[in-house]
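**Q** I have a structure I would like to understand better, so I am pasting it below and will then ask my questions one at a time.
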Amino acid sequence: MRKELDGEQKTVAALMRLSAITRSAVFCAVRAIVDDDRYDSVIAFENGKLLGISDRISPRAGFSEGNSLRCYDLPFGRTGVLVGRDFEYPELWRALALSDCKNCIVFDERNISALDESLLISLAFTAGLTVFAHFYDRSVVISPDGAKRESVDGTFRALPSETESRKPKILNSKPRLFK
């Protein structure tokens, strides 16, 4: 789904720079229209390089169905990504656990409910994963033993889109990494 990044050169370059400067992994939620299909995705960068794009797998809320569940090998352990309400599907958690994931990052555009939080706690415990869940109004960290380690209100951040319609433009060149 690299087409999702087309037309977003400034945003992609800024995220790549941030990742390179901080020598860290950066995950960013993206909502885009590609060839008249709506995608809810997360892009991953590490040390100034694009690692990959994870799509929402379930076609809920009118989004196009993604084709794979992605895991990234990062310095702090193998990390899986769940987008939107995909975190509600136990089979996806089971697949992450079977892929030797140690962590799971969850992005959802909604406000987190008490039911969502309880579900995340039980699924983190069942799969034995550390969960970093980012919702519109709050971010939560849950340890593999099911204990809520941290909860921070109001951590959602959005970068302005570069294009008016979010219809991607053709990328004429690779985004440059500025030093």
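**Q** Could you list, in sequence order, the residues of segment 56-79 that are closer than 15 Å to residue 107 by Cα, open to solvent by 50 Å² or more (accessible area, probe 1.4 Å) and modelled with pLDDT of 85 or more?
**A** 70
**Q** Considering only residues that are under 19 Å from the mean Cα position of the chain (by Cα) and β-branched (Val, Ile, Thr), look in segment 110-127 and name the one that is farthest from residue 89 (Cα to Cα).
**A** If we take residues in segment 110-127 being under 19 Å from the mean Cα position of the chain (by Cα) and β-branched (Val, Ile, Thr), then 112 is farthest from residue 89 (Cα to Cα).
**Q** Turning to a different aspect of this structure: Going by the conditions given, is residue 97 modelled with pLDDT under 90, farther than 23 Å from residue 151 by Cβ and open to solvent by 10 Å² or more (accessible area, probe 1.4 Å)?
**A** In short, no.
**Q** Test residue 53 against the criterion of being hydrophobic (A, V, I, L, M, F, W, C) and modelled with pLDDT of 90 or more, and give yes or no. First the steps, then the outcome.
**A** Numbers: hydrophobic (A, V, I, L, M, F, W, C): yes; modelled with pLDDT of 90 or more: no.
So residue 53 fails the test.
**Q** Tell me yes or no: at least one residue of segment 110-125 is within 21 Å of residue 65 (Cβ to Cβ) and open to solvent by 20 Å² or more (accessible area, probe 1.4 Å).
**A** yes
**Q** Residue 100 fails exactly one of the following numbered conditions: (1) in contact (Cβ under 8 Å) with a residue 12 or more places away in the chain; (2) closer than 18 Å to residue 57 by Cα. What is the number of that condition?
**A** Single failed check for residue 100: (2).
The values are calculated or read from the model by the stated rules, or taken from the named source; none is laboratory data. Computed from a prediction, not measured in an experiment: that's the story for all the values here. Please note: Cβ atoms are built from the backbone with ideal geometry, for glycine as well, and neighbour counts cover all protein chains shown. For accessibility, only protein heavy atoms count, side chains too; no ligands or nucleic acids. Shrake-Rupley method; radii C 1.70, N 1.55, O 1.52, S 1.80 Å.
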